[in-house]
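See below for the structure under consideration.
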Amino acid sequence: MQLRHLHYFVTLAEERHFRRAAELCHVTQSTLSAAVRQLEEEVGAPLIERDKRFREVTAEGRALLVWARRILAEQRSLHQELDLLRQGLAGDLRLGVVPAALPTIALLTTPFNHRHAGVRLRVLSRSSKEIQRALDDFALDAGVTYLDNEPLHGVREIPLYEERYILLTPAEGPFADHDGVTWAEAATAPLCLLTPDMQNRRIIDGIFGAVGQTPRVLVETNSVMTLCSHIRTGAWSSVFPHNFLWVFGTPPGMRALPLVEPVQKHVVGLVVSDRAPVSPLIRALEAVALEADITGQLAPLVRQGAV
C-alpha cells in the first residue's frame, strides 16, 4: 500500500470527482483510477461505488479513509520535522476559522508569517462544527472557534480574546439618541444576520431567547461580506462581534452601539487536536498564539466606548 495511492484516494473521496481529483494530484485520470483499483485489490473490497462517475465511498472505503488521513498526517509531520532540521520550518498550515473571527485572524497569521516565512498558510472559513469534524478527520491542522459555548472534544485550547456584541444601526434610526441598546430593543430592528448553522448566530438567538424576544431577521447569509454589503446601504441593522470594527470600522451613516441587558462575552481561541507527537507547525502556531495579545490589540475599541 503506497502513500501516494492513499493520497489519491483521500483526494478522490473529498472531491467526489475523478477528473478534479486527478488534477489536484497532478496525475492523469487513468493513473488515479489504477491506483484506486490497486488499493481495492489490497483491501479485498470496492472502496467506491461508481458507474461511469463517482457515486459514493463504500463502508470499506470509509474505514480506509480514516486510517489514510491519519497516515498522511503523520507523513506530513515527519517531513516538517526533517525540514526543520535541514532548512527551518516549512510546509502548509491549514487553518479553519469561524466567520465571526475572520476580521481579525490576521492578528494571528501575520506574526506567524513574520516568524516562519517558509510556511504557506491556508485560511478557510468554516463553521464550528465543520472545524471539529475536520480536526477529527485530519483535514485541518488547527481552528479558531468559540471555546465556551458549545462543547469541544479531543482538542487543546488557547484563548485569544473575548467576543463582545454591538448593534450596527442607522445613525438617524430609532436609536439615534441611545448610548447603548438592550437586546429587547435590538429585536425590533430589521436585522441582517448570519445563518443558523453558524455558532455566532446560535449565540445571538440564545441571548434574544433568554430575554423573551424573537429577533426580526429579514436577511440571513453565511457570508461576512454580504452582511457588510447590507450594512453599508444604511437600511439595515445587524448584531456584530466587536472585533469587526477593527477591520471594517463604523460605516458612514451608521452607529456602533453596545448591546446591554444582558452584557454578553464569549471566548474565541485556537484549537488543535490533542494528539502526540505534536507537529512542528502546530508547536510554532501555539507559540505565536500565546504571544499574540489579540485582546490588547482590540482594547482601544473598548476604551473608545464602542463596546
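Rule-based calculations on the coordinates, nothing more; no lab input. On a predicted model such as this, the values are computed, not experimentally measured, just so you know. We place every Cβ from the backbone using ideal geometry, glycine too, and count neighbours over all the protein chains shown.
In segment 3-76, the ratio of gyration radius to Kirkwood radius, Rg to Rh, stands at 0.92 when only Cα atoms are counted.
Going from the fewest other Cβ atoms within 10 Å to the most, the residues VAL144, VAL181 appear in the order VAL181, VAL144. Close amide H partners of VAL155, meaning residues 5 or more places away or on another chain with modelled amide H under 5 Å apart, are ASP274.
Would you kindly state the longest site-free stretch of the chain, with sites defined as trypsin sites (Lys or Arg not before Pro) in a DSSP loop (not H, G, I, E, B) surrounded by at most 15 other Cβ atoms within 10 Å? Present the calculation step by step, with values, prior to reporting the outcome.
Details: sites that count: ARG16, LYS52, ARG53, ARG216, LYS265.
In the chain, the maximal stretch lacking such sites is 54-215.
Per-residue Karplus couplings for segment 119-133, computed as 6.51 cos²θ - 1.76 cosθ + 1.60 with θ equal to phi - 60°, are listed in order as 9, 9, 9, 10, 9, 10, 6, 9, 6, 4, 5, 5, 4, 4, 5 Hz, Gly and Pro entered as x. Backbone amide hydrogens, once placed in the peptide plane, bring GLN264 within less than 5 Å of TYR165, excluding anything fewer than 5 places away on its chain.
Arrange the following residues from fewest to most other Cβ atoms within 10 Å of their Cβ: VAL98, VAL155, VAL211. Can you show the working numbers first?
Working: VAL98 25, VAL155 20, VAL211 14.
If I rank by nearby Cβ atoms, fewest first, I get VAL211, VAL155, VAL98.
Rounded if a/c is under 1.5, else prolate if a/b beats b/c, else oblate: with a ≥ b ≥ c from the C-alpha gyration tensor eigenvalues square-rooted, which is segment 213-307? Show your work: numbers first, answer last.
Values: a/c = 2.26, a/b = 1.87, b/c = 1.21.
Here segment 213-307 falls in the prolate category.
In whole Hz and in residue order, list the ³J(HN,Hα) couplings for segment 53-70 that follow from phi through the Karplus curve 6.51 cos²θ - 1.76 cosθ + 1.60, θ = phi - 60°; x for Gly and Pro. Karplus-based 3J(HN,Hα) across segment 53-70 equals 10, 5, 10, 6, 7, 6, 4, 5, x, 5, 5, 5, 4, 4, 6, 5, 4, 5 Hz. Each Lys and Arg adds +1 at its Cβ and each Asp and Glu adds -1 at its Cβ; summed about the Cα centre, segment 169-250 shows a dipole of about 220 debye. On full extension, the segment bounded by ASN222 and GLU286 gains 20.2 nm, given 0.36 nm per residue less the C-alpha separation. Rounded to two decimals, the Cα-based Rg/Rh of segment 165-260, with Kirkwood Rh, is 0.92. Loop only per DSSP, at most 13 neighbouring Cβ atoms within 10 Å: give me the GluC sites (Glu not before Pro) in segment 132-188, ordered by residue number. Those satisfying the criteria are GLU172. For segment 3-76, the Cβ-based charge dipole about the Cα centre amounts to some 240 debye (Lys, Arg positive; Asp, Glu negative; other atoms uncharged). Report which label in [x] 38, 21, 19; [y] 42, 23, 16; [z] 26, 22, 18 holds the value of semi-axes √(5λ) of the Cα gyration tensor in Å derived from the coordinates of this structure. Answer by label: [y]. Computed on the chain, with alpha-carbon pairs under 8 angstrom and 6+ residues apart, the relative contact order is 21 percent. Applying 0.36 nm per residue to the separation of GLU150 and SER125 and subtracting their alpha-carbon distance, the gain on full extension is 7.2 nm. Enumerate the calculated ³J(HN,Hα) couplings along segment 23-34 in order (Karplus 6.51 cos²θ - 1.76 cosθ + 1.60, θ = phi - 60°), each rounded to whole Hz, writing x wherever the residue is Gly or Pro. My calculation for segment 23-34 gives 5, 5, 8, 6, 9, 6, 5, 5, 5, 5, 4, 5 Hz in order.
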